[in-house]
Amino acid sequence: MQKLITIGLLSLGLILIACKNLKGIEVPSDKTNYIGTWICQDPEIVLSIKKNGSVKYSFKDGSLSKSIEAPIQQFDSNDFVVGALGITTKFKVSKPPYQENGKWKIVVDERTLTKVEKVNEDF
């Protein structure tokens with residue numbers, strides 16, 4: 001009986017840790033310029049960051065494609081880590097959001113993305 005209680009408590013602890021990792025963090029006040037939808041045409045990249053920390057990312061280059069939809073787990077200087085349940089992806093931001101010719105831009109993973117007002121809702 002003692003073993004069952006111990007196993008149950010350990011399982012509950014793991015579930016609570018997993019739920020915390022599913023939630024992620026909100027975008028901090030000093031990173032609000034990151035919020036929005038960012039695109040690149042070649043290769044085709046769409047990065048959407050919401051205030052609540054949820055991220056959608058899609059990359060297509062010829063036959064290669066990848067995507068992720070997960071919460072931000074942490075910011076590391078300008079970079080941010082997205083993921084859940086121990087599976088994470090780090091987005092390397094070599095140039096945080098800046099304005100150029102009246103448009104917001106960001107350099108992520110060595111690609112320059114431009115902020116757009118709206119994007120296709122199918123994304």
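The values are calculated or read from the model by the stated rules, or taken from the named source; none is laboratory data. It should be emphasised that the depicted structure is a prediction, and the values quoted were computed from it without experimental measurement. Backbone-built Cβ (ideal geometry, glycine too); neighbour counts: all protein chains shown.
Could you give every pair whose Cβ atoms fall below 8 Å, whose first residue belongs to the stretch 37-53 and is surrounded by fewer than 13 Cβ atoms within 10 Å (Cβ to Cβ), and whose second residue is β-branched (Val, Ile, Thr), counting only separations of at least 6 or pairs across chains?
Note: pairs meeting the criteria are 51/27; 51/32; 51/35.
Which residues, counting only those in the stretch 40-73, are polar (S, T, N, Q) and under 16 Å from residue 108 (Cβ atoms)?
Here is the first cut: in the stretch 40-73, the ones polar (S, T, N, Q) are 41, 48, 52, 54, 58, 63, 65, 67, 73.
Within the stretch 40-73, 41, 48, 58, 67 meet the criteria.
For the stretch 65-96, which positions are of a type in the set (Gly, Ala, Ser) and without any contact (Cβ under 8 Å) to a residue 40 or more places away in the chain?
At the first step, the residues of the stretch 65-96 found to be of a type in the set (Gly, Ala, Ser) are 65, 67, 70, 77, 83-84, 86, 94.
The answer is 65, 67, 77, 94.
List the strands (runs of 3 or more DSSP E) inside the stretch 19-72, counting only whole elements, that have at least 1 residues being at pLDDT below 95. Steps first, answer last, please.
Numbers: elements: 36-40, 44-49, 54-61.
Fully inside the stretch 19-72 and qualifying: 54-61.
Would you say residue 74 is surrounded by 12 or more Cβ atoms within 10 Å (Cβ to Cβ) and farther than 17 Å from residue 45 by Cβ?
Working: surrounded by 12 or more Cβ atoms within 10 Å (Cβ to Cβ): yes; farther than 17 Å from residue 45 by Cβ: yes.
Taking the combined requirement at face value, the residue satisfies it.
For the stretch 97-116, which positions are in contact (Cβ under 8 Å) with a residue 12 or more places away in the chain and farther than 19 Å from residue 59 by Cα?
97, 103, 104
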